[in-house]
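Below is one structure, written out as structure tokens, with a few remarks after it.
The values are calculated or read from the model by the stated rules, or taken from the named source; none is laboratory data. Note that this is a predicted model, so its numbers are computed, not measured. Positions of Cβ are generated from backbone atoms using ideal geometry, with glycine treated the same way; all protein chains shown enter the neighbour counts.
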Amino acid sequence: MTLDQLEIGKTAKITAVGGEGALRLRLLDMGIIPNTEVRITKIAPMGDPIELYIRGYSLTIRLDDAKQISVATGKEADNR
């Protein structure tokens, strides 16, 4: 599943960061790296952008960027 499909309040573990070039580097620089827990805290009224809680801070990203981030929940995340 990708980060844009995660429900508000649910926690997941990042499994992969997609994208190419500057986009991927920007996501990694913001702390969005594999094996990091992330939680969606808010979604804008029109659905874009979304606010995440990751590594002790809140981060807002566009929905298109969230589609590039693969996550796992529950037992699937524990096995990684």
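Taking only pairs six or more apart or across chains, which ones have beta-carbon atoms under 8 Å, a first residue in the range 34-45 that is in contact (Cβ under 8 Å) with a residue 24 or more places away in the chain and within 17 Å of Gln68 (Cβ to Cβ), and a second residue that is small (Gly, Ala, Ser) and surrounded by 14 or more Cβ atoms within 10 Å (Cβ to Cβ)? Note: pairs meeting the criteria are Val38/Ala12. Restricting to the range 32-56, and then to whatever is among the aliphatic types (A, V, I, L, M) and surrounded by 13 or more Cβ atoms within 10 Å (Cβ to Cβ), can you tell me which residue is nearest to Gly9 (Cα to Cα)? If we take residues in the range 32-56 being among the aliphatic types (A, V, I, L, M) and surrounded by 13 or more Cβ atoms within 10 Å (Cβ to Cβ), then Ile40 is nearest to Gly9 (Cα to Cα). How do the pairs read when you match residues in the range 1-26 that are touching a residue at least 12 places away in the same chain (Cβ under 8 Å) with residues anywhere that are among the polar types (S, T, N, Q), using Cβ under 6 Å and keeping only pairs 6 or more apart or on different chains? Hits for this filter: Thr2/Ser70; Ala12/Thr73; Ile14/Thr36; Thr15/Ser70; Ala16/Ser70; Gly18/Gln68; Gly19/Gln68.
Residue-level analysis places Asp48 among those that are touching a helix residue (DSSP H, G or I) at 6+ places or on another chain (Cβ under 6 Å) and outside any strand (DSSP E or B). Checking Asp65, Asp29 one by one, the residue that is of a type outside the set (Gly, Ala, Ser) and loosely packed, with under 15 Cβ neighbours inside 10 Å is Asp29 and no other. The residue that is farthest from Thr11 (Cα to Cα), among those in the range 57-80 that are at pLDDT 90 or above and in a helix (DSSP H, G or I), is Asp64.
The residue list Ala22, Ala16 contains one member that is part of a strand (DSSP E or B), out of contact with any Cys (no Cβ under 8 Å at 6 or more places or on another chain) and exposed (fewer than 13 other Cβ atoms within 10 Å of the Cβ), which is Ala16.
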